[in-house]
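Notes to accompany the following structure.
The values are calculated or read from the model by the stated rules, or taken from the named source; none is laboratory data. Bear in mind the structure is a predicted one, so any value in this text is a computation, not a measurement. Reconstructed Cβ throughout: ideal geometry from the backbone, glycine too, with neighbour counts over all protein chains shown.
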Amino acid sequence: MSPASFLALTIGITAAAIAAQMFVRQRRRAALSELARAWDMHYSPGDRFRLAARVAERFPVPGASDVRVNDLIYGNEDERYRYIFSAEYTEGVIRSKKRVRRVVTFTEPKGRSDATKWSALVLADKEKSLIDQYKEIREKR
């Protein structure tokens, strides 16, 4: 195989992988947006309210680090705001470290408040698919 053919093949495989990832991400966003609409809530693919830093401080998994918040579903619930999102974090302290994605929910009172007035963070079962975790966490609330 010539170097030019190898380069073309590598670029083609990379482009196909990027297209596949974009397709999967778009399908996940559409499904979560539909869930939010069904629950009379709103959907944001990113961390619109900058929850990651505040959530990391109270995260109930020992040794969790580099917490990121994605796929946020939010809305009003009585006198509180409800947040449902996927939290990606690194699990493990010493040897085997792995990246985990779990769906988390909590509420906070309306108006300016600090994290001490938050409800407890509730995590979904990490063995389920992402969409199933959202459905499970909605039922737990």
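Assorted remarks:
Okay, residues lined up against (1) in a strand (DSSP E or B); (2) without any contact (Cβ under 8 Å) to a residue 60 or more places away in the chain; (3) surrounded by fewer than 16 Cβ atoms within 10 Å (Cβ to Cβ):
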residue: Arg54; (1), (2), (3): no, no, no
residue: Tyr74; (1), (2), (3): yes, yes, no
residue: Phe85; (1), (2), (3): yes, yes, no
residue: Arg95; (1), (2), (3): no, yes, yes
residue: Arg102; (1), (2), (3): yes, yes, no
residue: Gly111; (1), (2), (3): no, yes, yes
residue: Asp125; (1), (2), (3): no, yes, yes
residue: Ile137; (1), (2), (3): no, yes, no
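- Selection within region 1-18 - surrounded by fewer than 10 Cβ atoms within 10 Å (Cβ to Cβ) and assigned to a helix (DSSP H, G or I): Pro3, Ala4, Ser5
- Candidate set: region 56-67, residues that are under 24 Å from Gly111 (Cα atoms) and touching a helix residue (DSSP H, G or I) at 6+ places or on another chain (Cβ under 8 Å); chosen: the one surrounded by the fewest Cβ atoms within 10 Å (Cβ to Cβ): Glu57
- Residues that are more than 25 Å from Tyr81 (Cβ to Cβ) and either modelled with pLDDT of 95 or more or of a type in the set (S, T, N, Q) (or both), drawn from region 28-71: Ser65
- Members of region 48-89 that are polar (S, T, N, Q) and under 13 Å from the mean Cα position of the chain (by Cα): Asn70, Ser86
- Unique match (being out of contact with any helix residue (DSSP H, G or I) (no Cβ under 9 Å at 6 or more places or on another chain), surrounded by 13 or more Cβ atoms within 10 Å (Cβ to Cβ) and in a loop (DSSP other than H, G, I, E, B)) among Asp47, Asp132, Asp40: Asp47
- Residue check, Leu32 within 19 Å of Leu130 (Cα to Cα), buried (at least 16 other Cβ atoms within 10 Å of the Cβ), of a type outside the set (S, T, N, Q) and touching a residue at least 60 places away in the same chain (Cβ under 8 Å): yes
- Checking Val61, Val69 one by one, the residue that is among the hydrophobic types (A, V, I, L, M, F, W, C), outside any helix (DSSP H, G or I), in contact (Cβ under 8 Å) with a residue 24 or more places away in the chain and in contact with a strand residue (DSSP E or B) (Cβ under 7 Å, 6 or more places away or on another chain) is Val61 and no other.
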